[in-house]
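Since the structure comes first, as structure tokens, the remarks are kept for the end.
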Amino acid sequence: MFKKSIITLVSLCFVSISLPSIACEKVPYKVGVQSIDYSPHYNGEHPNKETFFKLFIAWVSNKTGCKFEVINLPIKRLYLEFESDSFDLMYPDNPAWHSNSSSDEQTAPLDTRLYSPKIATALGGTMVKPEHENIKLESFRVLVFPRGFSPIAWYPLQESHAIEFKEVTDAAAALMMVDAGRATGADIEYNVARHLAKEHHYTALVLAKNLPFTPTGFHLSTIKHPKLMATISQLIDEHPQELSAMRKKAGLIENLPE
């Protein structure tokens with residue numbers, strides 16, 4: 001069963017008069033989100049908990065007067081449902097995740113999605129024990145990561161440095177393996193790792209300084225609603241301070257401390 005929540009209109013008083021003219025074509029628009037706890041970015045396991053995306057979609061509802069229904073599904077099913085037009089919008093998404101490159105360009109699938117500007121940044125990196133903060137690849141032995149995620153930056157390094165990959169159920173399990181000494185590091189987003197360490201009261205891990213670090217933009221995407229996407233994109237471009245305030249309220253760090 002998928003989980004869903006309704007983001008309703010709270011107020012129309014903030015609607016910008018400069019926005020493109022838009023009539024809400026659907027009531028509500030369906031937004032597909034991964035059914036995992038990726039707090040503070042989003043939480044598909046517990047949709048009622050406050051996260052950045054929950055704040056963001058409520059903000060869009062306030063600005064546009066449209067309603068949105070958030071539906072949470074496993075990652076692979078979410079992509080299939082979105083491509084078959086079961087959803088109006090999807091989050092998170094990124095153009096780089098849908099490369100058209102292929103050995104046969106004539107058969108390469110075309111990316112028909114329309115994307116918003118970047119809404120948030122995921123600080124993808126390798127979380128290790130504090131004493132391993134400066135560890136080098138030559139000393140790294142076991143990388144653990146959550147099921148459904150691919151440590152892309154590590155693939156070219158795996159064979160040349162004899163690194164063992166281990167897949168576990170979720171981010172919390174990956175971090176606990178590192179804490180217990182059963183893995184050298186975990187390929188986990190920095191904000192997610194900080195959130196889990198605080199929530200579960202275990203030793204905070206640190207981001208390794210000499211291992212792969214891949215900041216990635218999170219975007220909203222659509223296939224069939226270009227006018228709505230144009231409106232949302234303009235909102236994002238015109239209100240950077242409001243977006244920044246939402247990220248801060250959710251506890252999102254987008255630039256690593258010095």
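Rule-based calculations on the coordinates, nothing more; no lab input. Treat the numbers as computed from the prediction; the structure is a model and nothing was measured. All Cβ positions, even for glycine, are placed from backbone atoms using ideal geometry, and neighbour counts span all protein chains on display.
Overview of results
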read-out: Region 129-144 - phi-based ³J(HN,Hα) in whole Hz, Karplus 6.51/-1.76/1.60, Gly and Pro as x; value: 5, x, 6, 10, 4, 9, 4, 9, 4, 4, 9, 7, 10, 10, 10, 10
read-out: Order of 111, 37 - criterion: other Cβ atoms within 10 Å of each residue's Cβ, fewest first; value: 111, 37
read-out: Fewest-first ranking of 46, 201, 132, 239, using other Cβ atoms within 10 Å as the exposure measure; value: 201, 46, 239, 132
read-out: Karplus-derived HN-Hα couplings along region 80-87 (A = 6.51, B = -1.76, C = 1.60, θ = phi - 60°), whole Hz, x at Gly and Pro; value: 5, 5, 5, 5, 9, 6, 6, 10
read-out: Set 30/54; 118/249; 26/227; 63/227; 67/248 screened for pairs whose C-alpha atoms are more than 21 Å apart; value: 67/248
read-out: Dipole magnitude of the chain about its Cα centre (Cβ charges: Lys, Arg +1; Asp, Glu -1), debye to nearest 20; value: 680
read-out: Helical contribution to [θ] at 222 nm, DSSP H n ≥ 4, -39,500 (n - 2.57), averaged over the chain, rounded to 500; value: -8000 deg cm²/dmol
read-out: Net charge contributed by nearby residues that have their C-beta within less than 10 Å of residue 185 (K/R +1, D/E -1); value: +1
read-out: Label-point separation in nm, residue 157 to residue 204, each point 7 Å along Cα→Cβ; value: 2.3
read-out: With Cα atoms, 0 to 90° folded angle of helix 240-250 axis to the chain main axis; value: 50
read-out: Lys, Arg +1 and Asp, Glu -1 on Cβ, resulting dipole of region 122-215 about Cα centre, debye, nearest 20; value: 120
read-out: FRET efficiency for residue 131 and residue 98, using Cβ-Cβ distance with R0 set to 30 Å, rounded to 0.05; value: 0.15
read-out: Around residue 204: net Lys/Arg minus Asp/Glu count, Cβ-Cβ under 11 Å; value: +2
read-out: For the chain: relative contact order, % (alpha-carbon pairs under 8 angstrom, 6 or more apart); value: 25
read-out: Placed amide H near residue 185: partners under 5 Å, 5+ positions off or other chain; value: 142, 144
read-out: Note, ³J(HN,Hα) from phi for region 37-46, Karplus 6.51, -1.76, 1.60, rounded to Hz, x at Gly and Pro; value: 8, 10, 5, x, 5, 7, 9, x, 7, 10
read-out: Net charge of Cβ neighbours under 15 Å - reference residue 121; Lys, Arg +1; Asp, Glu -1; value: +1
read-out: Share antiparallel - DSSP beta bridges, region 122-215, percent rounded to 5; value: 55
read-out: Rounded FRET efficiency, nearest 0.05, which uses the C-beta distance separating residue 45 from residue 182 and R0 of 25 Å; value: 0.55
